Amino acid sequence: MEVTRQERCGVSFYACSDPAWEGAAHGFSTRLGGVSPAPMDSLNLGAALGDDPANVRENFARFCTALGADVNALVKNHQVHSNRFRLVAKADILPDPAQTGTYEADGLITTEPGVCLTVFSGDCIPILFYDPVRRCAAAAHAGWRGTALGIATRVAEAMVRDCGCAPENILAAIGPGIGPCCFETHRDVPDGLRSGLGQDAEAFIRPLPEEGKFSVDLKGANARFLLRAGLAPEHIALCPACTACDLDTFWSHRVQGNRRGSMAAMIQLV
């Protein structure tokens, strides 16, 4: 199972093309195919970055059309780099695609068709979940803190506990995010991963020549958390694209700071 780059309706995005995902409109956006001006050019989906709300609405309309999702069915969180999540339904749909989320959490889960789960990233790791048997979908935003706190495991376990999913049926797609090639950190990040993964964390931490610096593989760490939740290895797809390496395709908070747009990951049961 792979996450591959696709283009539809003039919008470039990443998604799983495996037939098992056909029941869920889903994808990870790039910065390409929208209407926003620099420095948010062009498919900015962040509603709190100073962009004209009309641009954000149009960008969401384009991205949703490309995915086959409903632009008038978005549910968002106010992301806080946590392992908190919430179960949502149609009552949680925002009235305006350009409106920001207010509920402090980093994960969304639903069993209701017609609810478009939306999480945001600009180097952090977006993860989409889909159980085609139980018909359950989820989305998570995993920054390094959320990764270390095990948000990937927490969301998968909630799908099992609260929605009746079986771990062996859950599919997961880990989207574009900063890779170990560019994610150089101080000791706090490795220490956080060790707190969450124990000895398993060492596979995703590489000391660098400069004292006290490390390269960290957040995507690999999230995949390990998913395995701990009981997902089958062949059901975990990992996108190799690094947001900090390819600024023509993505925005990177680490490289560009706040003078940038925001990518989004979406999933909707269809």
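The values are calculated or read from the model by the stated rules, or taken from the named source; none is laboratory data. This structure is a prediction, so every number in the text was calculated from the model and none was measured. Positions of Cβ are backbone-derived with ideal geometry, glycine not excepted, and every protein chain shown enters the neighbour counts. SASA here: full protein model, heavy atoms, side chains in, ligands and nucleic acids out. Shrake-Rupley method; radii C 1.70, N 1.55, O 1.52, S 1.80 Å.
Here are a few things to note about the model shown:
- Within the range 95-108, the set of residues being part of a loop (DSSP other than H, G, I, E, B), open to solvent by less than 80 Å² (accessible area, probe 1.4 Å) and under 30 Å from residue 189 (Cα atoms) comprises 100, 101, 105, 106.
- Of all residue pairs spaced 6 or more apart or on separate chains, those with beta-carbon atoms under 6 Å, a first member in the range 30-53 that is free of Cβ contacts under 8 Å to residues at least 40 places away in the same chain and a second member that is acidic (Asp, Glu) are 35/58.
- Taking the range 237-248 as the range and being open to solvent by 10 Å² or more (accessible area, probe 1.4 Å) and part of a loop (DSSP other than H, G, I, E, B) as the test, the residues that pass are 240, 241, 244, 245, 246, 247, 248.
- Residue check for residue 113: over 30 Å from residue 41 (Cα atoms) and in contact (Cβ under 8 Å) with a residue 60 or more places away in the chain: yes
- From the list 187, 206, the one residue that fits, being more than 27 Å from residue 13 (Cβ to Cβ), touching a residue at least 12 places away in the same chain (Cβ under 8 Å) and touching a Ser or Thr at 6+ places or on another chain (Cβ under 9 Å), is 206.
- Only a single item in (1) charged (D, E, K, R); (2) more than 21 Å from residue 138 (Cα to Cα); (3) surrounded by 17 or more Cβ atoms within 10 Å (Cβ to Cβ) is not met by residue 92, and it is number (2).
- Selection status of residue 65, in contact with a strand residue (DSSP E or B) (Cβ under 9 Å, 6 or more places away or on another chain), free of Cβ contacts under 8 Å to residues at least 60 places away in the same chain, under 23 Å from residue 143 (Cα atoms) and open to solvent by 50 Å² or more (accessible area, probe 1.4 Å): no
- Of the numbered criteria (1) more than 19 Å from the chain's Cα centre (by Cα); (2) β-branched (Val, Ile, Thr); (3) within 24 Å of residue 269 (Cβ to Cβ), the one residue 35 fails is (3).
- Among the candidates 226, 128, 231, residue that is part of a helix (DSSP H, G or I), hydrophobic (A, V, I, L, M, F, W, C) and open to solvent by less than 40 Å² (accessible area, probe 1.4 Å): 226
- Residue-level analysis places residue 265 outside the set of residues that are free of Cβ contacts under 8 Å to residues at least 24 places away in the same chain and either assigned to a helix (DSSP H, G or I) or among the hydrophobic types (A, V, I, L, M, F, W, C) (or both).
- Complete set of residues in the range 147-197 that are assigned to a helix (DSSP H, G or I) and within 18 Å of residue 244 (Cβ to Cβ): 147, 189
- Test: residue in the range 159-170 that is open to solvent by less than 10 Å² (accessible area, probe 1.4 Å), within 13 Å of residue 265 (Cβ to Cβ) and not basic (Lys, Arg): no
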